[in-house]
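Shown next, in structure tokens, is the structure this report addresses.
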Amino acid sequence: MWDPGKEAAGAGPGFPTPVPTTTPNPFSAPADGSAPEVTGHLQETYYNLCMEKSQKINTFILHILQEVDEELEKGSEGITLNIAGNSRLMPEERVTGKDFWILFRILKKSPYISGLDVRYNLISDVGAYYAARLLQKQHKLVYLNLMFNDIGPEGGELIAKALHKNTTLKYLRMTGNKIENKGGMFFAAMLQINSSLEKLDLGDCDLGMQSVIAFATVLTQNQTIKGINLNRPILYGEQEESTVHLGHMLKENHCLVELHVCKHNIKNCGIKQLCDALYLNRSLRYLDVSCNKITCDGTVFLADVLKSNTTLEVLDLSFNRIENAGAKHLSETLASHNRSLRALSVVSNNIQGEGLVALSQSMKTNPTLSNVYIWGNKFDEATCVAYSDLIQTGRLKPDNTDVEPFVVDGHMYLAEVSNGLKKHYYWRPIYGEACTNSPNAGFTLVPVGGHL
């Protein structure tokens, strides 16, 4: 563990001895004696701090701060500082722990910044230390995205403990940081104390069975968390123990709106546990069980619960194996009973024409189901014609599905369109807005947290 006292000496935890830089100061007066160029205060503060602490200037951060200064000059407030390291629109130098040390010193005194997005950078546990300090010092921050930043269990512990007393942060995204079971336990303990956090994303964090069970246990009492992502934990064994605890949690919790349990190795027994809970749950609106091992037998339980459940609006079954029989089970319920589900994704489920046509037929009698995603299954011409008819008659809007019809030599085909429930969960598009509705319909239909 590093010594926080080093910061007072001009270096953060793990920092080497400062090396003086020779970068010219763009904020100093020109040699001809004319007045210096007027610049915003965040950009200038960053430059001056780098000079003072002998820290190399990150030109990417400098550019982003210039844009924020321009927004501040217009009188904007509640600005999200976007320093994502995976932007391909401009050459960037990824943010390190040392860079985040300087950012912390700027942002802790800035009341206009309400969000900070530093996804896909290299801040590591060093940056996590200052992220924790920021959560303690800055009382306007409501959104913090640290996804894929090489933060480990120690950094996770620091951030989780900082949230014990934080009362402003609403949405924290830790996706892809390998905090492991140890870090997950600290976040579960934090949820026993924190009463302001509304959405927590711990997907791809290498959580273990112990921490998944801990989250399920804590959420039986926590009444503020509205959305949680526990995707891809490291689970051993075939007993699907996690679904037993998650099912019990859903029976007791009446505040959770959004639950992501991708890659949990859920099979038919596990989906039955969740479905049994949904008979009693009256708050969950978005259930994501994609990338599991659910077959047509599991859809029997889903179809039955959808006959009586009136709150579930988005169901993601992508990358399972429900096949024709499963698609028919769901179609029968959607056609005759359920009037609450608005979006259904059955992408890559080994469904053939018969099952896909049955789903299209259910849309003709179900006025509520508006979004259907079917790419990755086995299309025949009857399927192509059925979905072409839905689109041409206006029953299925082009933005609400992931296929588009076209004709070649008198035969109808379907092409893939980049629409879905969460297309931009991991990456940002090169052009256009990252949070547009059609590629991220799940978060649009059930908005929790205000950010992807």
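The values are calculated or read from the model by the stated rules, or taken from the named source; none is laboratory data. Model, not experiment: these values are computed from the prediction. Cβ placement follows ideal geometry from the backbone for every residue including glycine, while neighbour counts extend to all protein chains displayed. For the accessible areas, the whole protein counts, side chains as well, though only heavy atoms, and no ligand, DNA or RNA atoms are used. Shrake-Rupley method; radii C 1.70, N 1.55, O 1.52, S 1.80 Å.
Considering the conditions (1) within 22 Å of SER124 (Cβ to Cβ); (2) touching a Phe, Trp or Tyr at 6+ places or on another chain (Cβ under 8 Å); (3) part of a loop (DSSP other than H, G, I, E, B), SER54 is excluded by exactly one of them, (2). Restricting LYS199, LYS178 to residues that are touching a strand residue (DSSP E or B) at 6+ places or on another chain (Cβ under 9 Å) and touching a residue at least 12 places away in the same chain (Cβ under 8 Å) narrows the list to LYS199.
Checking every residue in region 139-152 against the condition of being closer than 28 Å to GLU77 by Cα, of a type outside the set (A, V, I, L, M, F, W, C) and either more than 20 Å from the chain's Cα centre (by Cα) or at pLDDT below 95 (or both) gives at least one match.
Contact annotation: residue pairs with Cβ atoms under 7 Å, 6 or more positions apart or on different chains, pairing a residue in region 329-350 that is within 12 Å of SER362 (Cβ to Cβ) with a partner that is at pLDDT 95 or above and of a type in the set (D, E, K, R), are THR333/LYS307; HIS337/LYS307; ASN338/LYS307; LEU341/GLU313. Of all residues in region 384-409, those that are farther than 22 Å from SER438 by Cα and either among the acidic types (Asp, Glu) or open to solvent by less than 70 Å² (accessible area, probe 1.4 Å) (or both) total 3.
What are the residue pairs meeting all of these: first residue in region 256-271, first residue crowded, with 19+ Cβ neighbours inside 10 Å and of a type in the set (Asp, Glu), second residue at pLDDT below 95 and part of a loop (DSSP other than H, G, I, E, B), Cβ atoms under 9 Å, and 6 or more apart or on different chains? Matching pairs, first to second residue: GLU258/VAL446; GLU258/VAL448; GLU258/GLY449.
Is at least one residue of region 343-363 open to solvent by 10 Å² or more (accessible area, probe 1.4 Å), over 19 Å from LEU414 (Cβ atoms) and outside any helix (DSSP H, G or I)? No, region 343-363 has no match at all. A count restricted to region 410-421 and to residues that are more than 30 Å from CYS262 (Cα to Cα) and either free of Cβ contacts under 8 Å to residues at least 24 places away in the same chain or open to solvent by 60 Å² or more (accessible area, probe 1.4 Å) (or both) stands at 3. Reported count of residues in region 83-94, each being out of contact with any strand residue (DSSP E or B) (no Cβ under 7 Å at 6 or more places or on another chain) and either in a helix (DSSP H, G or I) or open to solvent by less than 10 Å² (accessible area, probe 1.4 Å) (or both), is 1.
On the stretch given as region 237-255, residues that are open to solvent by less than 20 Å² (accessible area, probe 1.4 Å) and closer than 24 Å to TYR425 by Cβ total 6.
Scanning region 359-413 for residues that are charged (D, E, K, R) and under 33 Å from the mean Cα position of the chain (by Cα), we see that the one that is farthest from ARG339 (Cα to Cα) is LYS378.
Check whether at least one residue in region 224-236 is farther than 26 Å from CYS269 by Cα and open to solvent by less than 10 Å² (accessible area, probe 1.4 Å), and report yes or no. Yes; the residues of region 224-236 include at least one that is farther than 26 Å from CYS269 by Cα and open to solvent by less than 10 Å² (accessible area, probe 1.4 Å). For the criterion of being modelled with pLDDT of 95 or more and under 18 Å from GLU313 (Cβ atoms), VAL403 fails. Scanning region 272-290 for residues that are farther than 13 Å from GLY442 by Cβ and either among the aromatic types (Phe, Trp, Tyr) or open to solvent by 10 Å² or more (accessible area, probe 1.4 Å) (or both) yields LYS272, GLN273, ASP276, TYR279, LEU280, ARG282, SER283. Would you check which residues across region 293-321 are of a type in the set (Ser, Thr, Tyr) and within 21 Å of the chain's Cα centre (by Cα) and list them? Residue satisfying the conditions is SER318 alone.
Considering region 291-325 alone, what residues qualify as being open to solvent by 60 Å² or more (accessible area, probe 1.4 Å), under 15 Å from SER345 (Cβ atoms) and not in a loop (DSSP other than H, G, I, E, B)? If the condition is that a residue be open to solvent by 60 Å² or more (accessible area, probe 1.4 Å), under 15 Å from SER345 (Cβ atoms) and not in a loop (DSSP other than H, G, I, E, B), then ARG321 is the only one that fits.
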